[in-house]
Amino acid sequence: MNRADRPYDIVLFGATGFVGTLTAEYLAARAPAGLRWAIAGRGTERLERLRERLPGGAEIGLLRADVSDPASLRALAERARVVATTVGPMWSTARSSSPPARTPGRTMSTSRVNPSSWT
C-alpha cells in the first residue's frame with residue numbers, strides 16, 4: 001500500500017497514558033482541517049473513553065495495538081503515514097524482542113527533537 005493511500009495521516013500510539021493523553025488533546029484542538037488521525041493503544045475501552053472527551057472525537061479513528069504483539073504493530077504501521085508514539089519505557093524492551101515490527105520503512109521508535117534547531 002502506498003503511504004498516500006493509507007487511511008490515517010497520523011496514528012498516536014500510547015494515547016491513553018499521561019503524555020499520550022496530553023498529545024491527543026493537543027492534536028484534537030489544533031489539527032488542521034482534513035487531517036485523518038487515530039489514537040491507538042492496548043485497551044479499547046480506555047481509547048473509546050478518551051475519544052469521547054476529545055473535540056471532534058467522532059472523526060478520530062481508534063486502533064488496538066500492543067508492543068508485545070508484532071503483528072499488531074505491523075498492522076498499525078501499515079494504516080498510517082506517520083506513527084507518533086508516546087509508549088513508555090517498556091517499548092525499549094519490546095523493540096529488542098520484536099524485530100518483525102522494525103522492518104525497513106516501518107521503524108517505530110521515539111526520537112529527541114530540539115525545537116531550537118528548527119529556525
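Taking each residue of segment 65-81 that is free of Cβ contacts under 8 Å to residues at least 40 places away in the same chain and looking for partners that are aromatic (Phe, Trp, Tyr) with beta-carbon atoms closer than 7 Å, six or more apart or interchain, yields Val67/Trp91.
Residue by residue, here is whether (1) surrounded by 18 or more Cβ atoms within 10 Å (Cβ to Cβ); (2) aliphatic (A, V, I, L, M); (3) modelled with pLDDT under 95 holds:
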site	(1), (2), (3)
Gly43	no, no, yes
Arg49	no, no, no
Gly57	no, no, yes
Arg64	no, no, no
Thr86	yes, no, yes
Met90	no, yes, yes
Arg102	no, no, yes
Gly105	no, no, yes
Ser116	no, no, yes
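Looking across segment 1-13, the residues that are farther than 12 Å from Leu76 by Cα and either among the hydrophobic types (A, V, I, L, M, F, W, C) or part of a loop (DSSP other than H, G, I, E, B) (or both) come down to Met1, Asn2, Ala4. Could you grab me the full set of residues in segment 27-41 that are assigned to a helix (DSSP H, G or I) and either surrounded by 15 or more Cβ atoms within 10 Å (Cβ to Cβ) or within 14 Å of the chain's Cα centre (by Cα) (or both)? If the condition is that a residue be assigned to a helix (DSSP H, G or I) and either surrounded by 15 or more Cβ atoms within 10 Å (Cβ to Cβ) or within 14 Å of the chain's Cα centre (by Cα) (or both), then Leu27, Ala28 are the ones that fit. Does segment 14-26 hold any residues that are part of a loop (DSSP other than H, G, I, E, B) and of a type in the set (S, T, N, Q), and which are they? Answer for segment 14-26, where residues must be part of a loop (DSSP other than H, G, I, E, B) and of a type in the set (S, T, N, Q): just Thr16. Being out of contact with any Asp or Glu (no Cβ under 9 Å at 6 or more places or on another chain) and not in a loop (DSSP other than H, G, I, E, B) is the filter here, so list the residues in segment 59-74 that pass it. Within segment 59-74, Glu59, Gly61, Leu63, Arg64, Pro70, Ala71, Arg74 meet the criteria. Taking segment 9-39 as the range and being touching a residue at least 40 places away in the same chain (Cβ under 8 Å) and either among the acidic types (Asp, Glu) or in contact with a Leu (Cβ under 8 Å, 6 or more places away or on another chain) (or both) as the test, the residues that pass are Asp9, Ile10, Val11, Leu12, Phe13, Ala15, Gly20, Thr23, Ala38.
The values are calculated or read from the model by the stated rules, or taken from the named source; none is laboratory data. Since the structure is predicted, the reported quantities are computational estimates derived from the model, not experimental observations. Every residue, glycine as well, gets a Cβ built from its backbone with ideal geometry; the counts of neighbours run over all protein chains shown.
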